[in-house]
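Scroll down for the structure; my scribbles are underneath it.
The values are calculated or read from the model by the stated rules, or taken from the named source; none is laboratory data. All of these numbers come straight from a predicted model, not from anything done at the bench. Glycine also receives a Cβ, built like all others from the backbone with ideal geometry; neighbour counts cover every protein chain displayed.
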């Protein structure tokens, strides 16, 4: 993809950053008529199966796509709130982000199918359904997961995700909400592949009684204002609303890896200020991790973006570097003939 998706100043596209909290608040009663069996679309070709979730932009439903009345595939429909659709600038931003991310063609990015209109609910977004659960679901099925899993087990999942992120970054798009719930598995034939979902489309929070002094959030564990994402995984610059780039996603990916290896994430609670402070003093070095894993995590989780790796793939590769031999286990090089003679001479001299 060309660099035409970059802004004129060369910055990355910040998904939905320009939306204000008042534009992502809504009355849930407007979706009251939605239920299993309800058909969306001009041609009523998306039949709802079950509600998957609710966020600041509207509701998300699992649905069957119908062709001549027959189901051809399962999809995810994201319905936008009446309040959001009533703001021309806001709905244009939603359309812009969707159209940009729809062009991302990578096997580890969940495909977006299209934007459609419903006579009652207006614009809605349709995406492929990743039908095999999230990374969080998978992680909790692993034996003794509370104490962490091995690098060998998690790397085959995170390696292609890193490549997918680098691909998006090369197009000027950052995800900004990398977390286990947004890493899902999709079945392709007999193969199960990890895919990224939600490139900023749904990473908004319904903020109630928002004020600049607010330090906690009221619906889910996500941020509002110009730093949408999930605080536990967010890079410090993202939490502070500062300029972001691909290294912001790298930080979140590294935090996901830390959680998988450690068994839990090192932060708790919903207080944004407290989490932000903890991240500034957090050291990811763990005695249970190898030397090269500690070194790679320390760099990828640096508070300073410029100190992180140049790409997510470079971070993953650093995890796999062979460890340097310790002095105790260093392999001795074969001695040359002159070294053997000198060694014998030294022994004779000592006698």
Residue within segment 172-193 that is part of a helix (DSSP H, G or I) and over 22 Å from residue 231 (Cβ atoms) present: no
Residue that is at positive phi and in contact with a helix residue (DSSP H, G or I) (Cβ under 8 Å, 6 or more places away or on another chain), where the choices are 263, 246: 263
Some residue of segment 110-120 being under 20 Å from residue 252 (Cα atoms) and not in a strand (DSSP E or B): yes
Scan of segment 121-158 for residues that are in a loop (DSSP other than H, G, I, E, B) and at negative phi, ordered by number: 121, 129, 130, 131, 132, 140, 141, 142, 143, 149, 150
Conditions (1) touching a helix residue (DSSP H, G or I) at 6+ places or on another chain (Cβ under 7 Å); (2) without any contact (Cβ under 8 Å) to a residue 12 or more places away in the chain; number of the one not met by residue 145: (2)
Tally, over segment 73-89, of residues that are in contact with a strand residue (DSSP E or B) (Cβ under 9 Å, 6 or more places away or on another chain) and either in a strand (DSSP E or B) or farther than 13 Å from residue 122 by Cα (or both): 8
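Residues are listed down the side, and each one gets a yes or a no for (1) in contact with a strand residue (DSSP E or B) (Cβ under 9 Å, 6 or more places away or on another chain); (2) part of a loop (DSSP other than H, G, I, E, B); (3) at pLDDT below 90:
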| position | (1), (2), (3) |
| --- | --- |
| 242 | no, yes, yes |
| 248 | no, no, no |
| 260 | no, no, no |
| 267 | no, yes, yes |
| 270 | no, yes, yes |
| 280 | no, no, yes |
| 284 | no, yes, no |
| 295 | no, no, no |
Output for segment 77-92, where each listed residue is over 28 Å from residue 194 (Cα atoms) and either in contact (Cβ under 8 Å) with a residue 24 or more places away in the chain or surrounded by 14 or more Cβ atoms within 10 Å (Cβ to Cβ) (or both): 81, 82, 83, 84, 85, 87, 89, 90, 91
Top-ranked residue of segment 297-313 - restricted to ones that are in a helix (DSSP H, G or I), within 18 Å of the chain's Cα centre (by Cα) and without any contact (Cβ under 8 Å) to a residue 60 or more places away in the chain, ranked as nearest to residue 240 (Cα to Cα): 300
